[in-house]
Amino acid sequence: MLNCNDTNISSATFLLAGIPGLGAESSWISIPFCLLYLIAILGNGLILFVIQTQKNLHQPMYLFLSMLSVTDLGLSASTMPTVISVLLFNNREIGLDVCLTQLFFIHSVSVVESSVLLAMAFDRFVAIRHPLRYASTLNSSRIGNIWVASIIRASGLHIPAVILLKRLPYSRVQPLSYSYCLHADVMKVACADTIPNSLYGLFIVLSTLILDAVLIVLSYILILSTVMGIASWRKRLKALNTCISHICVTLLFYIPPISLSIIQRFMKNAVPQSQILGTYLHLLLPPVLNPIVYCIKTKKIRKQIMKIFQNCSTNRL
């Protein structure tokens, strides 16, 4: 039940939530979250270092992978410190401006990551369907333009969303549902009509995540049609094998929010913890698992990382 008797925009404060049902055990749960944060930083930092220092990896596929690592680092930095602060120190209060800044970065970086995943699908499509035009189609300047366009698209769509939230009145203290600020969660505790905010939020989702997901599926339909036209089954497997890593990270990014949407709409009796878990999985796991997937499945990345560790061990001896 919202308390809207004392509304004040400038001094509104939100109370971030921990993980429901844990109580005093929250501080212990912060330990695995700290480990996940560390793995995300080290894994994505290692991917960036390897691609930056190895000239033979300055190719479209790996440049897109470096973009993915940058967005994963941004997503971790936008969420993990707040989660750890809430669980470990019970530091739950967050001001309106800080909250709006955080949700802007969380949602913007998520859209940038979706754009990068779409660009990586296009990369695989061009590499398999038009291999002779691959280098000329995806040159470095065009890849740079894709990166800049992704950032402009994400920030341009979310600045109005933040402005619309900023104009709403809030009670001086309102509890939120997560350990970080999200658009729908903040909108839910506003003391005014939020239909314009809800409609604009739906527009953002449809024009970014949903549109990107549809285009990625279409890309893979075209890729499969091309692969099925290859006579040799070994060449078919080789072509499909170059897509495995991207398919894994794409599923990892899209399945949690899709599952959460299904739970919210069609499973009304589902426990609230399942919805909260879905949101945590969507924002916290991709930065941790994406570099692991690419290190395991991409031979060149794995080979360069092994060479770095061998050189380090040799220098110590």
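The values are calculated or read from the model by the stated rules, or taken from the named source; none is laboratory data. Here the structure is a predicted model, which is why all the values come from computation and not from measurement. Note that each Cβ is placed from the backbone with ideal geometry, even for glycine, and that neighbours are counted across all protein chains shown.
I'm checking my understanding of the structure. Among residues of the stretch 163-212 that are among the hydrophobic types (A, V, I, L, M, F, W, C), free of Cβ contacts under 8 Å to residues at least 60 places away in the same chain and touching a helix residue (DSSP H, G or I) at 6+ places or on another chain (Cβ under 7 Å), which one is nearest to I244 (Cα to Cα)? The residue in question is A184.
Of all the criteria given as (1) over 15 Å from the mean Cα position of the chain (by Cα); (2) under 29 Å from P81 (Cα atoms), the one not satisfied by V227 is (2). Is there any pair linking a residue in the stretch 130-156 that is polar (S, T, N, Q) to one that is surrounded by 15 or more Cβ atoms within 10 Å (Cβ to Cβ) and part of a helix (DSSP H, G or I), with Cβ under 6 Å and at least six apart or on different chains, and which? Between residues of the stretch 130-156 that are polar (S, T, N, Q) and residues that are surrounded by 15 or more Cβ atoms within 10 Å (Cβ to Cβ) and part of a helix (DSSP H, G or I), the close pairs are T137/V126; S150/V112; S150/S115; S155/S108. Of all residues in the stretch 111-133, at least one satisfies being surrounded by 15 or more Cβ atoms within 10 Å (Cβ to Cβ) and within 20 Å of N197 (Cβ to Cβ). Scan the stretch 55-69 and tell me whether some residue there is more than 24 Å from T137 (Cβ to Cβ), among the hydrophobic types (A, V, I, L, M, F, W, C) and either within 14 Å of the chain's Cα centre (by Cα) or surrounded by fewer than 23 Cβ atoms within 10 Å (Cβ to Cβ) (or both). No, that holds for no residue.
For S114, state whether it is under 28 Å from L224 (Cα atoms), part of a helix (DSSP H, G or I) and in contact with a Phe, Trp or Tyr (Cβ under 8 Å, 6 or more places away or on another chain). Yes; evaluated as a whole, the condition is true for this residue. Hey, can you tell me all the residues within the stretch 246-288 that are touching a helix residue (DSSP H, G or I) at 6+ places or on another chain (Cβ under 8 Å), more than 21 Å from L206 (Cβ to Cβ), of a type in the set (A, V, I, L, M) and at pLDDT 65 or above? Scanning the stretch 246-288 gives I247, V249, L252, L281, L284, L285, V288. Restricting attention to the stretch 156-167, the residues that are in a helix (DSSP H, G or I) and loosely packed, with under 15 Cβ neighbours inside 10 Å add up to 5. For the condition more than 30 Å from G229 (Cβ to Cβ), part of a helix (DSSP H, G or I), of a type in the set (F, W, Y) and within 25 Å of the chain's Cα centre (by Cα), F203 qualifies.
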